[in-house]
Structure formats: C-alpha cells, structure tokens
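Please treat every number below as a calculation from the coordinates, not as lab data. Being a predicted model, the structure only gives us computed values, none of them experimental. Neighbour counts are summed over all protein chains in view; Cβ atoms, including those assigned to glycine, are modelled from backbone coordinates with ideal geometry.
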Amino acid sequence: MPASLIINADDFGLTPGINRSIIELHQAGVLTSATLMATGPAFEHAVAVARANPALGIGCHIVFTDGTPASPPEKIPTLIGPDRRNFRPSLISFLRALLLGQIREEDIVREAYAQIARLQHASINITHVDTHKHTHLFPAIAVPLLKVLESSHIPAIRNPFEPA
C-alpha cells in the first residue's frame, strides 16, 4: 500500500466559522478529513457541509469534557459536571476524576455509542474516531473506546503522535 498523508481538523460542528474554515481548506486540497462533534452547536451545518463535500473523510470527535452529552445526563452520571447537565468544564477536572477512578467505564461506553449513533443517524460514514482534548490517550478511556469502535465497525482511531 502506498504511503498517504492524512491531514485532519478537529472540532467540526463547534461553530459555523470552524465549519467554513474546514471546508475551505478541504476545497483548496489541503485538508483530507475532519472529526465532527456530535453535540456541537453547529452540528447540522457541519452535516450539510459534509454531505456537499463527499471526498472529505469524516470522523467522530468524541467529547467527554467541555461540552454537551448526547446521552441523558442521568444515564452517564460519572461524566457530568457540577451543573448536572453538561460534561466537566475543564480538562483538568476531567483528568482528576479519571485518575481518582471516579469515571465509570460503562458511562464512557454509553456516551461514545450515543455520539457515534448521532453521526450515523445523520448518514455520516465514520472513517475514524478521536477525542476532544485527546482524552483517548489515557488507558481508562482508550480501552473502552476501542471496544466501542470494534463493535461499531469503525476502522481507525487517531494517533496524535508522530514518529521520531
């Protein structure tokens, strides 16, 4: 298989401005894929842009911090922040809870499935997954997330590290 360079943009669906930037870069031949936030405020706009540009690979940008869940908050209580509606508002508070063992694997699995399902229901063919703020670099997130990807038939997860 010949080598290929994939250039990916995160936060697709967060704002109309990010969506416009992603599609302009893709149409200029610079960007090959983007990861879409299932609960981003500009999700519907991003879906329309993705459908109009089928050569752009679309991944799921799974969010566990600093955002809104796809699941009802009461179904994923260990992922929810102090307002009891949204995720923890900072990466530091999320990591603290993760490292203290306060986040349950079943909540990670449930929310990952919910976000993936939202993209699939929008007829998005998910090419890969990554996570907001690279939370999948922690084994407590990566292990359940890889199980979700396998059962969802999603072939890849983004590795944010480059070889030396």
Residue order, fewest to most surrounding Cβ atoms within 10 angstrom, among LEU119, LEU14 | LEU14, LEU119
Could you give the length gained on full extension between LEU99 and ASP83, defined as 0.36 nm per residue of separation minus the Cα-Cα distance, in nm?
-> 3.7 nm
How high is the FRET efficiency between GLN27 and SER90 when r is their beta carbon distance and R₀ equals 35 Å, given to the nearest 0.05?
-> 0.50
Considering the alpha-carbon set of region 1-72 alone, what are its Rg and its Dmax in angstrom?
-> 12.5, 44
Percentage of Cα-Cα pair distances in region 8-152 greater than 17 Å, rounded to whole percent?
-> 57 percent
Taking Cα atoms, how many degrees apart are the long axis of helix 139-152 and the longest axis of the chain, rounded to 10 and kept between 0 and 90?
-> 60 degrees
Charge dipole of the chain about the Cα centre (unit charges at C-beta), most positive-ward option of LEU36, SER21, HIS121 | HIS121
Helix axis angle, 16-27 relative to the chain longest principal axis, alpha carbon, degrees = 40 degrees
Can you give the net charge of the other residues whose Cβ lies under 14 Å from the Cβ of THR35, counting K and R as +1 and D and E as -1?
-> 0
Any idea what angle helix 105-121 forms with the longest principal axis of the chain, computed on alpha-carbon atoms, 0 to 90 degrees, nearest 10?
-> 30 degrees
Packing-based exposure ordering (other Cβ within 10 Å, fewest first) of ASP11, ASP83 | ASP83, ASP11
Relative exposure of PHE138, PHE161, PHE94, PHE43, judged by other C-beta atoms within 10 Å (fewest first) | PHE161, PHE138, PHE43, PHE94
Rounding to the nearest 20 debye, state how big the charge dipole of region 8-152 is about its Cα centre with +1 on each Lys and Arg Cβ and -1 on each Asp and Glu Cβ.
-> 180 debye
